[in-house]
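The structure appears below as structure tokens.
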4 protein chains.
Amino acid sequence: MPLSAEEQSAIAEARATPRETLRAVAPGMERHLHSAIPVLDHGFVRVVDYMGDDAAIVQAARVSYGAGTRRARDDSGLIRYLMRHWHSTPFEMCEIKLHVKLPVFVARQWIRHRTANVNEYSARYSILDREFYIPAPEHLAAQSTVNNQGRGALLEGEEAERVLRVLREDSMRAYDDYEAMLSTEGQQGLARELARMNLPMNVYTQWYWKTDLHNLFHFLRLRADPHAQHEIRVYALALCEIIRDWVPAAYSAFEEYRLGSAQVSASGVACLRRMLAGEVVTQADSGMSPGEWREFAAVWGLEG
Amino acid sequence: MPLSAEEQSAIAEARATPRETLRAVAPGMERHLHSAIPVLDHGFVRVVDYMGDDAAIVQAARVSYGAGTRRARDDSGLIRYLMRHWHSTPFEMCEIKLHVKLPVFVARQWIRHRTANVNEYSARYSILDREFYIPAPEHLAAQSTVNNQGRGALLEGEEAERVLRVLREDSMRAYDDYEAMLSTEGQQGLARELARMNLPMNVYTQWYWKTDLHNLFHFLRLRADPHAQHEIRVYALALCEIIRDWVPAAYSAFEEYRLGSAQVSASGVACLRRMLAGEVVTQADSGMSPGEWREFAAVWGLEG
Amino acid sequence: MPLSAEEQSAIAEARATPRETLRAVAPGMERHLHSAIPVLDHGFVRVVDYMGDDAAIVQAARVSYGAGTRRARDDSGLIRYLMRHWHSTPFEMCEIKLHVKLPVFVARQWIRHRTANVNEYSARYSILDREFYIPAPEHLAAQSTVNNQGRGALLEGEEAERVLRVLREDSMRAYDDYEAMLSTEGQQGLARELARMNLPMNVYTQWYWKTDLHNLFHFLRLRADPHAQHEIRVYALALCEIIRDWVPAAYSAFEEYRLGSAQVSASGVACLRRMLAGEVVTQADSGMSPGEWREFAAVWGLEG
Amino acid sequence: MPLSAEEQSAIAEARATPRETLRAVAPGMERHLHSAIPVLDHGFVRVVDYMGDDAAIVQAARVSYGAGTRRARDDSGLIRYLMRHWHSTPFEMCEIKLHVKLPVFVARQWIRHRTANVNEYSARYSILDREFYIPAPEHLAAQSTVNNQGRGALLEGEEAERVLRVLREDSMRAYDDYEAMLSTEGQQGLARELARMNLPMNVYTQWYWKTDLHNLFHFLRLRADPHAQHEIRVYALALCEIIRDWVPAAYSAFEEYRLGSAQVSASGVACLRRMLAGEVVTQADSGMSPGEWREFAAVWGLEG
């Protein structure tokens, strides 16, 4: 990951100087603070700041004066109860601030989560770096033939090579032209706010992104899902590891009641009840469409 | 202020145990942490947690790796520029979490600020304390005769005494009846979620309230204003003192460009330009309604 | 329901004058427009305006130029797909504006749903009416002995009578004193913004409340739930009937994938799979706490 | 503007079939409904739906049963009062839904306004058209030499030609390669969600965008401002014309108290008072920085 010496030293400096605070401190998170975790070929996720810990969730739920209950086990039980019964406000009492470097087309998906605070690097004001996302060969997939919105088999042989060459060459040419248009050597130099439009959407951008734990869980549920686009999913998976270290009880409840859970429709509930009573149920008498039945059968290990 | 011994000891404990962190620390805010600042007769504001400081605003505005610029003076200049030009997102990068005790009618005004996270003490689940707001005599005002939405002269003599007595007696009777209906001595005992409806809106409630600095400034601009109702304004003023210690540069910019600023309408701009050119302008040829001209004249020290 | 003659005539007038529009029109909703549907003893829900219909959801999902697809059946299938896969943004493209009259303690629960626009009747500016919620005897319940946050058996005999008498008398006395403090007959008259604090939380207030269909569904899922407090649930149930007439396809999908659905935890999924394979599972080897197992057993019709 | 025959006919059909409604109807807005107003070289703004009118603002502010007051003049006075005193909630009671076609780099600025509902055309699911924004020569500007974030003089002669040629050629080549990578002729065909990353940010996208009038005014204040980037400003200016026809009283108040108003800092207020009293004030004794004084002098027509 291409952090410059200067950037590395800014990070090292931030990590070198612990200071005293009277706030809640999450030891598992302190280990991550400031370090940039590499994602994709030039991207990263870096925790800049955080507020709260597992006990802070309990403390807010109880509107209490101290910090959580006395026993970690009670806190954990309450956190599981809150998550199970969709009490979202106590989870909003924890906050995280990230510095993320990511391709523009990923940033455009990410920003659709509106309940967050964002400061993006401005290409009106500054010049973007020559950094573009080029997929690793093991992620270069063909259009899915069954899912309009997904990937199918890996591209092979010459086609894969051709695609990678095109992506690289078009990126480099676009950047060369971006630089040439900006240049003030022997010419006026195009405004930065115009020149940037020549860059393709695999160019990297950066932002500070801040959100609360409830909204972060919602983001992770959608973006760590196997149906999410690979290029945003790897950011979500990196974040999952961080959150697990930050608020272990809340993350464990999130895995139990969200990530690993199943939402069963009214028809699905009726079918499962019949099946539990020994009945054999087929798509034809399930009340579900064929597509829905396929999804249902996959969850419950039925034959199509 | 009626914190119990147990509550006081929870606060003292939280203040007694500094821990190490690699996050930004605001020394002026650490002094306030956990202490309950009294407001009104039974209320308080208590900072439970915070994220960020002046440098964090600069750091986000620059999407930088380190912490702000090298020189506090440069940070302050940038912060003033951001505030002046309505760049709100860098201020959203600081966050504060408060524990507030306040009368219900104040809470109902406060909650209208929606961009915040709230956990309120639940009167479905728990029993409220016998604590009611009774105005101090110096805040017991008559209805304004010029402003439908404000206060006029202080109540005097017997009327003031009568009002205070009524407020006290009705509060006590409502609470006695609340307790009596809840009691399970020799009866079933009314559900808490029903019994609470007998309490008047000067009863105290509590909540955890968390918001970012930009939205907090917006709250303070409206609620620290002299036209705000006194009973919410005193909370806003207490918060102003805290914020000044937390982010002195941002607070100073807030005073300069928001609290102490004037919004001049298009007609007002035209009038001021004429007046600067030596012309005498009156309401009749100002393009303003009489009410608007009164407000304008008050700001600029003109005779009505 | 106590609408004055003047209010009734304003409603009748609004219903009497159809006008031409080029916008999407939902015939089922036009029937409800402006009429006040009674809720509780003095409350109501009244649809003031709406935007969009089932076809508008499809149109937005497709970012299309025309209105939905040609066939209602295709629209309905797409709407079910969107709801099943948590695509929330197309549902945000429908909007509803309500005029609601409700007791203050219900308003305080309602307002916790923050993604909405609200204009409440101002008791700083105006004088509230003498209208208080008094529960019907069939809703006057004792505190639940198993659920800290719920109701148990109905109150009986003398206790029920006593509670109703107390609620009525305290309401009337509080209102008498409110009026007496406001009066300017032979005295200055207390400011309205202060006098209102003497009123108990069963007093009725009114507001305009506007939200989008996605957030309304979220509200209904939580507040039409059998665990919601009865006094807010009756508003939610009244709204369900209205929404069913407005966007029948979306409402049907909401019933199938939200209202009638079950969220099964990771442990629950594992248990159901074992049970479908013929295994007998008990709480002891379910991986669930006793409380959680009780909830699970209730959904799937198992013995405790 | 390149609407296909099919799109034109969908629009014509929507405009051809007025239907009856009991809702508020804004005649000035009905004229705009569905028609696509051209912006930039391939973009447009098209009103798909709206809710409310000037009277609806008044109706919500009064929480009334009927529609506004009897006299338009009273409505207008109240609307001016609400705008002047920052009462934002009544303006939130009007809603607008737009279909917008715009370059991606403009969409990325636009989306930073988070309080809105958005459905964007999906390039994971569908194939984008061969349409790119190429600036008209009269908008092809050099980087400003005084403002890091703005434009200076127009590009001239050969440089202008060269820039336009580069933008056109890079766009066409990127699109050719996009098509070639997607093609399934004699190859597998790259997934759409990957191929799209090769397109530069002047490619056009489309979305449905829905917001309320208060947030729209906030958007227009920032984006119709002369300091906004030209390419988003032209969308804002097109919207201003539409809004003026929709809610004439509210738009007029917006011009008076926002668009044409001046925000004067605390130091600025002090300076203006001194100047009104006949004193000559210079930057040196103004309490303002040189940059701030320049902005102040420009507003009030002072010499630098």
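Values as computed for the structure displayed
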item: Euclidean distance between Cα centres, region B:282-304 to region D:118-146, Å; result: 47
item: Relative contact order for chain A, counting Cα pairs under 8 Å that sit 6 or more residues apart, in percent; result: 21
item: Unit Cα scatterers, Debye sum, region A:69-225: log10 I(q)/I(0) for q = 0.11 Å⁻¹; result: -0.68
item: Region C:51-65-region A:50-112 distance, computed between alpha-carbon centres (Å); result: 35
item: Cα lying deepest toward the dipole's positive end in region B:185-304, options B:Pro200, B:Gly287, B:Gly189, charges on Cβ; result: B:Gly189
item: Value in Å of the Kirkwood radius, where region B:135-201 supplies the Cα pairs that are averaged; result: 14.3
item: Neighbour-count order for A:Trp110, D:Trp209, fewest beta carbons within 10 angstrom listed first; result: A:Trp110, D:Trp209
item: Size of electric dipole in chain B: Cβ of Lys, Arg +1 and of Asp, Glu -1, about Cα centre, debye, nearest 20; result: 1080
item: Least to most buried among C:Leu102, B:Leu222 (fewest other Cβ within 10 Å first); result: B:Leu222, C:Leu102
item: FRET efficiency for A:Leu276 and C:Glu255, using Cβ-Cβ distance with R0 set to 22 Å, rounded to 0.05; result: 0.45
item: Inter-label distance for A:His85 and A:Gln149, nm, one decimal - labels placed 7 Å from Cα along Cα-to-Cβ; result: 3.3
item: Label point distance in nm, C:Ala297-B:Ala284, each placed 7 Å from Cα along Cα→Cβ; result: 8.8
item: Gaussian network model of chain A, Cα within-10 Å springs - most flexible of A:Pro103, A:Pro290, A:Pro248; result: A:Pro290
item: Proxy reagent accessibility, fewest Cβ within 10 Å first, across D:Thr17, C:Thr21; result: D:Thr17, C:Thr21
item: Relative contact order (%) - region B:6-128, alpha-carbon pairs under 8 angstrom, separation at least six; result: 24
item: Overall Cα dimensions of region B:183-253, principal axis frame, Å, largest first; result: 62, 24, 16
item: Chain C, Rg to Rh (Cα coordinates; Rh as Kirkwood inverse mean 1/r); result: 1.05
item: Relative contact order (percent, whole number), region A:159-228, Cα cutoff 8 Å, 6+ residue spacing; result: 25
item: Ascending list, in nanometres, of distances separating the D:Ala153 label from those of the other copies (7 Å, Cα toward Cβ); result: 6.0, 7.1, 9.3
item: Label spacing, shortest first and in nm, from C:Glu241 to its equivalents in the remaining copies (7 angstrom along Cα→Cβ); result: 4.8, 5.5, 5.6
item: Förster radius 41 Å - calculated FRET efficiency between D:Arg15 and A:Tyr125 (Cβ-Cβ, nearest 0.05); result: 0.45
item: MRE, 222 nm, helices only [DSSP H, n ≥ 4, -39500 (n - 2.57), over chain C, to nearest 500]; result: -13000 deg cm²/dmol
item: For region C:206-242 and region A:225-274, distance of Cα centres in Å; result: 27
item: Average beta-carbon neighbours from other chains, 10 Å sphere, peptide C:232-241; result: 0
item: Nitroxide proxy distance, nm - points 7 Å out along Cα→Cβ at B:Gln263 and C:Glu156; result: 6.1
item: Contour minus Cα-Cα distance for A:Ala136 and A:His227 (0.36 nm per residue); result: 30.9 nm
item: Where only alpha carbons of the protein assembly as shown are counted, the Rg and the Dmax (Å); result: 31.1, 97
item: Rounded D (µm²/s) - region D:164-218, Kirkwood Rh over Cα pairs, Stokes-Einstein at 10 °C, 1.306 mPa s; result: 115
item: Cα pair distances of region A:35-98 binned at 10 Å [whole percent]; result: 21, 39, 23, 15, 2
item: Largest-first principal axis extents of the Cα set of region C:190-304 (Å); result: 71, 37, 20
item: Convex hull volume per residue in cubic angstrom - Cα atoms of region A:99-183; result: 134
item: Copies compared at C:Gly278 - label distances in nm, ascending, label defined 7 Å from Cα in the Cβ direction; result: 1.3, 10.7, 10.7
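Each value in this text was obtained by applying a stated rule to the coordinates, not by laboratory testing. What you see is a predicted model, and the numbers here were worked out from it, not measured in a lab. Neighbour counts are summed over all protein chains in view; Cβ atoms, including those assigned to glycine, are modelled from backbone coordinates with ideal geometry.
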